Structure formats: C-alpha cells, structure tokens
Amino acid sequence: MARYDYVEKAVTVSRREFLGIMGVAGAVLWTGAYAATDLVQDRSKYIKMRAQGIYKDDVKAKVRQSHNNPGLQQMYSKFAGKPLSHLSEELFHTRYIDRTKLG
Amino acid sequence: MGHHDAQGPRVLKHPHRSRLFHWGLILGFMPAAITGFILWLKTGSEDFVNISMKIHIVGAVILTISALLYTFFSLDRIIAFIRLIFNWDDRDVGWMLVGGGYPQKMLLGKEITVPPMDKMNSGQKIFGICLLLGGILLIVTGWLLYAFIPVAPKVFIYWADKIHLVFGIFLGLFMFVHIFLGIYNWGEFKAMFGDGTQPLSEAQHHNPVWVEKKIEPVKNETADKTNVVSHGS
C-alpha cells in the first residue's frame with residue numbers, strides 16, 4: 001500500500017463544462033457518423049446507377065450472350081483456336097494467389 | 001497521520017488507474033509502434049512482416065481497450081488532463097524559450113532558473129496534446145483500415161491510411177523521446193513505475209504551481225484507514 005501525505009484535490013466539473021464537453025463529443029460523433037454514412041450512401045448510389053446503365057445497354061443490345069459475340073467468335077477462329085485450348089487457357093485463365101497472409 | 005521517511009513527506013502523483021493506463025500504453029502502443037515501423041518499411045522476410053502485423057493488431061486491441069476503460073472510469077483524470085494541456089500562459093512561453101533548462105543542464109552542465117510549472121511542464125503539455133489528438137486519430141483510422149476496407153469508399157480509406165501513417169511515424173518517434181526523458185527524469189520514472197508517489201520536495205522543485213494550488217493533505221480519516229490496511233496486509 002502506497003504511503004503518502006498529500007493527494008491531488010478532486011476535479012470538479014461545473015454543469016456548464018459538462019454540457020460543453022457532451023456537446024463537443026456529441027457534435028464530433030454526429031459529424032463523423034453523418035460523413036461516413038453519407039459517403040457510403042453516395043457509393044451505393046453510384047453502384048446502383050452503374051448497374052441500371054448496364055441493364056439499359058443489355059436491353060438495347062442485339063447480341064446479349066457473350067458466346068454469340070461476333071468479335072469473340074472471330075478471336076477464337078483466327079487466333080486462340082477454341083475455348084479451353086492451350087493458348088486460351090494460358091491467356092485468359094485466372095491464377096489465384098494466397099492473400100490470407102496479412103503482411 | 002503523516003508518513004515521513006528520509007526524504008520527508010510524499011505526494012501521490014499518479015493514482016492506480018493512471019499507472020494502470022500507462023501500462024496499457026506500454027503493452028499496447030509500444031509493440032504497435034515498433035511493428036508499425038516494420039510494416040511501413042517492410043523490413044525482413046514475409047513471415048516476419050506477417051507476424052509483425054499480428055502483433056500490431058494485438059497491440060491495437062490492448063491500446064483501444066485501455067483507452068476506453070480509462071475514458072469511462074477515469075473521466076475526471078481525462079478532464080484534468082485536457083484542462084492542463086490546453087492551458088497556456090506567459091510561463092509556458094518563458095519555459096519554451098529556455099527549453100525548460102534541459103539543454104543547458106544536459107549540454108553545459110549548469111542549472112538555470114525556469115518559470116514555475118503545474119503538474120506538467122510545457123514540453124509535456126505539447127506531448128500530451130499530440131498524444132491525445134494523434135492517439136484518437138490512430139485508433140479510429142486503424143480500425144477503419146482493419147475492418148472497413150471492403151465497405152468504405154476508396155477515398156475514405158486512402159485518407160485513413162495516410163493519416164494512420166503520418167501520425168504513426170510522428171507519435172512512434174515521439175515515444176522514443178518520451179522514454180529517454182522519462183529515464184532522464186528518474187524521480188518521475190520511479191513514481192510512474194513504483195507506487196505513484198514522489199517526495200514533496202521533488203514535486204515542489206519540478207511542479208511548484210501544482211504543489212501550491214492543486215494538492216491537499218490526506219484527510220486524517222483516510223490516512224488512518226491507509227495505515228490500518230497497510231498494517232493489516
């Protein structure tokens with residue numbers, strides 16, 4: 001047990017100070033929460049608009065399936081042979097990397 | 001009842017909860033700061049950086065819990081701390097102009113008169129302001145980077161990352177200065193890592209304004225109780 005003869009006087013907080021502290025804390029939290037939710041809302045808005053744009057393009061498009069795309073068909077006939085050919089696999093297939101490591 | 005040893009009466013400078021919070025900072029902030037530098041500079045192998053990130057996160061958890069507990073259970077100490085660090089007057093200007101007399105003492109070996117200080121000197125006040133504001137920013141941006149990268153907008157995360165880096169470097173370097181000065185001022189070191197008390201004469205030398213205005217003798221009742229407990233334990 002510590003042995004001492006003097007101690008710091010208790011801190012007193014007036015009602016005015018308490019309201020001031022709570023006001024500032026509340027304002028900071030409110031502003032932060034507003035800014036964060038506003039950004040997320042904006043982001044969701046742009047994602048929705050982008051999705052709507054893509055659907056609109058689909059509605060207008062004559063060819064709606066990728067395998068019927070003349071450009072793609074021409075690419076296979078003149079360059080990559082056929083889907084799953086050696087060259088297509090080398091060029092188009094995704095390789096996966098272990099990203100579970102944090103550092 | 002007063003307690004007198006060879007150094008005369010003593011004053012309680014750092015109560016239990018403050019010393020406990022300081023240990024929280026040592027066990028939380030210190031490993032987080034050191035591993036933070038490793039993560040920033042990517043020094044060592046991939047495994048080393050990986051384990052550093054894990055230590056960084058554990059340190060962050062300890063730091064955050066310590067800060068929250070101290071805020072909830074020692075709000076009076078936080079209010080006293082904020083009042084003190086943002087309270088500046090002519091004495092602080094005078095203290096800053098002579099660097100608290102430390103350069104003269106360390107480099108030239110002579111003592112000069114410095115303006116009287118409260119519980120913290122002006123240099124400690126600057127450190128306190130940086131620690132309070134920078135600490136809050138580091139904790140908030142750190143958790144944003146930990147948990148909100150997939151959901152938060154890119155620009156938000158970009159600035160969180162930049163703030164975390166800049167304040168991390170700044171406070172990380174500040175920590176080493178704090179450790180050096182803490183050990184240099186051995187009486188303060190003993191108070192913080194010991195029972196929190198300091199000889200009154202020492203406090204009077206470093207913190208005359210605090211001793212004059214902000215401390216009071218322990219009330220007899222409490223002193224008797226302390227005496228009983230200390231004999232009983």
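Filtering the stretch B:42-50 for residues that are more than 14 Å from chain A (Cβ to nearest Cβ), of a type in the set (Ser, Thr, Tyr) and more than 15 Å from the chain's Cα centre (by Cα) leaves an empty set.
Only one of B:ASP92, B:ASP118 is farther than 28 Å from B:MET30 by Cβ, surrounded by 15 or more Cβ atoms within 10 Å (Cβ to Cβ), out of contact with any His (no Cβ under 7 Å at 6 or more places or on another chain) and modelled with pLDDT of 90 or more. Can you tell me which? Quick ask: steps written out before the conclusion?
On the way: B:ASP118 fails: farther than 28 Å from B:MET30 by Cβ.
Answer to the check: B:ASP92.
Out of the residues in the stretch B:130-148 that are within 15 Å of B:LEU173 (Cα to Cα) and among the aliphatic types (A, V, I, L, M), state the one that is nearest to the other protein chains (Cβ to nearest Cβ). Give the derivation first.
Within the stretch B:130-148, the first condition is being within 15 Å of B:LEU173 (Cα to Cα), and the residues that meet it are B:130-131, B:134-135, B:138.
Within this subset, residues satisfying the condition of being among the aliphatic types (A, V, I, L, M) are B:131, B:138.
Numbers: B:LEU131: 18, B:LEU138: 15 Å.
That would be B:LEU138.
Scanning the stretch A:33-71 for residues that are within 12 Å of chain B (Cβ to nearest Cβ) and either touching a helix residue (DSSP H, G or I) at 6+ places or on another chain (Cβ under 7 Å) or hydroxyl-bearing (Ser, Thr, Tyr) (or both) returns A:THR37, A:LEU39, A:SER44, A:TYR46.
One line per residue, one yes/no per condition, for (1) modelled with pLDDT of 95 or more; (2) out of contact with any Gly (no Cβ under 8 Å at 6 or more places or on another chain); (3) within 14 Å of another protein chain (Cβ to nearest Cβ):
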position: B:PRO150; (1), (2), (3): no, yes, yes
position: B:VAL155; (1), (2), (3): no, yes, yes
position: B:LYS162; (1), (2), (3): yes, yes, no
position: B:LEU165; (1), (2), (3): yes, yes, no
position: B:TYR184; (1), (2), (3): no, yes, no
position: B:GLN198; (1), (2), (3): no, no, yes
position: B:GLN204; (1), (2), (3): no, yes, yes
position: B:ASN227; (1), (2), (3): no, yes, yes
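Confirm whether B:LEU69 is in a helix (DSSP H, G or I), under 18 Å from the mean Cα position of the chain (by Cα) and either surrounded by 15 or more Cβ atoms within 10 Å (Cβ to Cβ) or more than 9 Å from every other protein chain (Cβ to nearest Cβ) (or both). Against the criterion (in a helix (DSSP H, G or I), under 18 Å from the mean Cα position of the chain (by Cα) and either surrounded by 15 or more Cβ atoms within 10 Å (Cβ to Cβ) or more than 9 Å from every other protein chain (Cβ to nearest Cβ) (or both)), B:LEU69 qualifies.
With respect to the stated conditions, A:ILE97 fails to be hydrophobic (A, V, I, L, M, F, W, C) and within 20 Å of the chain's Cα centre (by Cα).
Which members of the stretch A:5-32 meet the condition of being basic (Lys, Arg) and facing chain B (nearest Cβ under 10 Å)?
Of everything in the stretch A:5-32, just one residue is basic (Lys, Arg) and facing chain B (nearest Cβ under 10 Å), namely A:LYS9.
For the stretch B:53-62, the criterion of a residue being closer than 26 Å to B:GLY135 by Cα, more than 22 Å from the chain's Cα centre (by Cα) and free of Cβ contacts under 8 Å to residues at least 40 places away in the same chain is satisfied by at least one position.
The values are calculated or read from the model by the stated rules, or taken from the named source; none is laboratory data. Bear in mind that the values here come from a model prediction, so they are computed numbers and not experimental data. In this analysis, Cβ positions are derived from the backbone assuming ideal geometry, glycine residues included, and neighbour counts consider all displayed protein chains.
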